[in-house]
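**Student:** A single structure is presented below for examination.
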Amino acid sequence: MSFSASPRPPSGPRRRSLLVSAAGAAGAVLLVGCSGDPEAGEPAAERSAADAARARAGRDSEALAARYAAVIAAHPGLAERLRPLREEVLRHAKAFGAKGTGGTASPGASSSGASPSVSARAAGPGDDAGRVPADEKDAVALLAGAERKLADRRAEALLEVPGELARLLASVAAAGAAHVYLLTDGG
């Protein structure tokens, strides 16, 4: 008994072409997906803009932490309430790669060592050069306003930065909005 080949060719792709296609797809995935740098595919100009945005965000977080330190120094009764928020702001600065401490005072110490220049920078343009209001409620409102402005700026910046940095900015902006709530309604 003899078996003859079918008179019609097999339908669909052959085994060899499937293997070649699969190997090609796997190679493409390895080339694209295995980069150690999540932003490696970006042009140098975009990377430098992202680096500048990251550095600015770190400095902004340090300045905000300095503002918290100034308020804590001026109103020690607020320290227990504000210290955890300041510590989180310092973690944000570190996440952005900032090397400073947001003022010379440690989160657990009295902030009398915070330099006036750091406090003035924390205030930003148009503010009272880092002066802390004498009234505790006004001082907390000042912090809430600073948190709100910074969260808004970070939300706007999301459109101008690449993926991983955009996610970090979004997360920190959301944390800033939560701080505003805790400093105002949730306090």
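The values are calculated or read from the model by the stated rules, or taken from the named source; none is laboratory data. None of the values given here were measured: they were computed from a predicted structure. Using ideal geometry, Cβ is built from the backbone for each residue, glycine included, and neighbour counts are taken over all protein chains shown.
**Student:** Filter the range 90-109 down to the residues that are touching a Lys or Arg at 6+ places or on another chain (Cβ under 9 Å) and hydrophobic (A, V, I, L, M, F, W, C), then identify the one that is modelled with the lowest pLDDT.
**Tutor:** Filtering first and then ranking leaves Ala98.
**Student:** Something else: Consider only pairs whose beta carbons are under 8 Å apart and that are at least six residues apart or on different chains; among these, list those whose first residue lies in the range 159-176 and is surrounded by 17 or more Cβ atoms within 10 Å (Cβ to Cβ) and whose second residue is outside any helix (DSSP H, G or I) and of a type in the set (Phe, Trp, Tyr).
**Tutor:** What qualifies is Leu168/Phe96; Val172/Phe96.
**Student:** Which residues, taken from the range 110-157, are polar (S, T, N, Q) and modelled with pLDDT of 95 or more?
**Tutor:** none
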